[in-house]
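Please treat every number below as a calculation from the coordinates, not as lab data. None of the values given here were measured: they were computed from a predicted structure. When we count neighbours, we look across all protein chains shown, and the Cβ atoms used for this are built from the backbone with ideal geometry, even at glycine.
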Amino acid sequence: MRWLSVVSAAVLFAYPFAVYFGIRHWGLTAVAGLLVAIFALRFLLGTKLPLREQRYLALLTGGAGLVLTLLGSVFREQGWLTIYPVVVNAAMFTIFAASLWQKQTIIERLARLQHPNLPPSGVEYTRNVTKVWCCYFVLNGLIALVTCFMPLPVWTLYNGLVSYLIAGLLFIGEWLVRRRVLRREMDNAH
């Protein structure tokens, strides 16, 4: 069952390229059939995920993907398929932003997996990182929305490559900042 989750996640990660090349080579109907199967699998497997946020993300994105794919198929319009990255960013924003009103943000919970005794400065840091990711999801979602009205190759390039590169740079940048903050904390402790 776990391998199905991995395959489903990998295909969804490659979603923009699957849409672009699938439509160009096999047509909308064939791509829609494949996507319906993948989104249905994501939705069904999502009910078995251990973390509430994982379940929410899988159910929301799987359900939205099903609806968008069916609309694209019924109306024979590929534009419905391009909305999916907007939905994913909205869902990620919702999860991260909602955690700002909880006792622990999602980033703090992840940090506590490595550092169970996170100091108050670490809690504040993780809260700020959560806010940065919220900003990323809003901006990335807005850009993804704009690309929905552009030619499919532009949409594919941004949503299948550029957005992942920006997220990767943000992740690496945060990791570098975190190392510097931790080093400063250690120096101040001595």
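Length gained on full extension, residue 114 to residue 76, computed as 0.36 nm times the residue gap minus the Cα-Cα distance: 8.8 nm. The distance linking the stretch 118-173 with the stretch 40-117 is 14 Å (Cα centroid to Cα centroid, whole angstrom). At full extension, residue 165 and residue 21 could sit 49.8 nm farther apart than now, given 0.36 nm per residue minus the alpha carbon distance.
Using the Kirkwood radius over C-alpha pairs as Rh, can you work out the diffusion coefficient of the chain via Stokes-Einstein at 4 °C, viscosity 1.567 mPa s, in µm² per second? Walk me through the numbers on the way to the answer.
On the way: Rh = 18.1 Å.
For the chosen part, D equals 72 µm²/s.
In the stretch 17-155, a dipole from Cβ-located charges (positive for Lys and Arg, negative for Asp and Glu) runs towards its positive end, and of 107, 33, 84 it is 107 whose Cα lies farthest in that direction.
For the chain, what is the calculated [θ] at 222 nm in deg cm²/dmol (nearest 500), taking -39500 (n - 2.57) for each run of four or more DSSP H residues and dividing by its residue count? Each step should come with its number before you reach the end.
Details: 10 runs with 156 residues, N = 190.
The helix-only estimate for the chain comes to -27000 deg cm²/dmol at 222 nm.
Each Lys and Arg Cβ is given +1 and each Asp and Glu Cβ -1; about its Cα centre, the chain then shows a dipole of about 380 debye.
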